[in-house]
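Participant: Got a structure here, written out as structure tokens. Questions coming.
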Amino acid sequence: MNEEEVVDPEHPRYQSLMIRKKIAEAGVKGMLADSAMIAHGRGEAFDYLLGEQTIPSALDATREAAARLVKSNKPVLSLNGNAIALAGQEFLTIASQLGCPIEINIFYRTPQRMGALIGHLKMLNQKLDLDVEIMGGIPDARIPGLEGPRGACQQDGIFEADTVLVPLEDGDRCEALMAMGKTVLVIDLNPISRSSRGCTVGIVDEVTRVAKNLIQFIPQKPAATDWNNDRGLQSALDHIVETMSNRF
Ligand code: ATP
């Protein structure tokens, strides 16, 4: 879609088109890598299969993630370009509720992209009258086992965090964070991605819907449970299969 186009609110897939527009606009602002659209497309395909809605198991997983964040001593929100483009405002609100930093972590790191993302979050911080610490600009530590820019992180951010929320993460990084002994909370529409399968709590839902739900759950301070991640993911897969088999 051309980013100049106006989305018709009457369109049956209005929300999805608005999300697509946000990604396109962020691309123009230099916030995203070329592959961002492809990652978004993979997410869209799964969201289509889920009926573009928050299914009950995803809501349970979101409540569990809120509980883990609230009870954490040192939580950090680790955001990539797509997460910032789609829900930067909501993640700043969540960080402010938790009193924790946001650390920007991008796969294809260039000074221009990093600058555009930091600038975007700082602008939103000001707009919302918040003072959330934005980390990631000057990494001074490494996630063991990850080569290249992906492993770069901040010592007093992701490196020392006990709980990390990682929307739209890649499998290797999720695995490396788990190997560091952290509680890893993943948001990923793909229930069979390595990140979803290899994390502590996988939320199979669209990132903007999850962020809005987290904002509701965090003040309620829900209690953590002995969450079974495989069961949550299986429930999402069952939902997809059931929806598809009742289609025609
Ligand atoms: P893995 O390495 O974990 O198997 P991957 O190679 O698919 O994952 P990426 O290419 O980094 O990892 O893709 C990011 C993931 O983000 C995809 O699985 C996609 O389903 C998911 N995704 C994309 N957009 C959204 C969104 N808006 N909300 C939630 N998830 C999304």
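Derivation of every value follows stated rules applied to the coordinates shown; laboratory data play no part. Fair warning: this is a prediction, and the values are worked out from it, not measured in the lab. Note: ideal-geometry Cβ built from the backbone for every residue, glycine included; neighbour counts use all protein chains shown.
Participant: Fewest to most neighbouring Cβ within 10 Å: what's the order for 174, 100, 199?
Facilitator: 100, 174, 199
Participant: List the residue ranges in the chain for DSSP H helices whose C-alpha atoms run 18 angstrom or more along the long axis and whose Kyte-Doolittle average is -1.0 or above.
Facilitator: Correct list, ordered by number: 14-28, 36-50, 56-71, 81-98, 111-127, 229-245.
Participant: Would you compute, from DSSP H runs of 4+ residues alone, the mean residue ellipticity of the chain at 222 nm, taking -39500 (n - 2.57) per run and dividing by the full residue count, rounded to the nearest 500?
Facilitator: Result for the chain: -16000 deg cm²/dmol, rounded to the nearest 500.
Participant: Let me ask another. Among 135, 123, 114, which comes first, second and so on when ranked by fewest other beta-carbon atoms within 10 Å?
Facilitator: In order of increasing Cβ crowding within 10 Å: 123, 114, 135.
Participant: Give me P(r) over the stretch 1-108, computed from all C-alpha to C-alpha distances, binned every 5 Å, as integer percentages.
Facilitator: With a bin width of 5 Å, the distribution comes to 2, 10, 16, 19, 21, 17, 10, 3, 1.
Participant: Taking the DSSP beta bridges in the chain as the whole, what percent of them are antiparallel, to the nearest 5?
Facilitator: Of all bridge pairs located within the chain, approximately 10 percent are antiparallel.
Participant: To one decimal place, what Kirkwood hydrodynamic radius in Å is obtained for the stretch 56-247 from all pairs of distinct Cα atoms?
Facilitator: Working: mean 1/r = 0.0600 Å⁻¹.
Across the stretch 56-247, the inverse of the average 1/r is 16.7 Å.
Participant: Taking the Cα atoms of the stretch 50-123, report the difference between the largest and smallest coordinate on each principal axis, in whole Å and largest first.
Facilitator: For the stretch 50-123, the Cα extents along the three principal axes come out at 40, 35, 22 Å.
Participant: Distance from the Cα centre of the stretch 185-248 to that of the stretch 123-141, in angstrom?
Facilitator: 27
Participant: Could you give the semi-axes, largest first, of the ellipsoid that matches the stretch 148-244, computed as the square roots of 5 times the alpha carbon gyration tensor eigenvalues and rounded to whole Å?
Facilitator: Here the semi-axes work out to 23, 17, 13 Å.
Participant: Full-extension gain between residue 25 and residue 162, please, as 0.36 nm times their residue separation minus the C-alpha to C-alpha distance. Numbers along the way, then the final one.
Facilitator: Numbers: separation 137, 0.36 × 137 = 49.32 nm, distance 3.39 nm.
Roughly 45.9 nm would be gained on extension.
Participant: Can you sort 109, 209 by how many other beta carbons sit within 10 Å, fewest first?
Facilitator: 109, 209
Participant: For the chain, what's the relative contact order in percent, using C-alpha pairs closer than 8 Å and at least 6 residues apart?
Facilitator: Over the chain, the number comes to 23 percent.
Participant: OK, next. Figure the gain on full extension for residue 221 and residue 17 (residue separation times 0.36 nm, minus the Cα-Cα span) and round it to one decimal in nm.
Facilitator: Details: separation 204, 0.36 × 204 = 73.44 nm, distance 3.33 nm.
Length gained, residue 221 through residue 17: 70.1 nm.
Participant: By average Cβ neighbour count within 10 Å, what is the ranking of 222-229, 14-21, 159-166 from highest down?
Facilitator: Listed from highest to lowest mean packing, they are 159-166, 14-21, 222-229.
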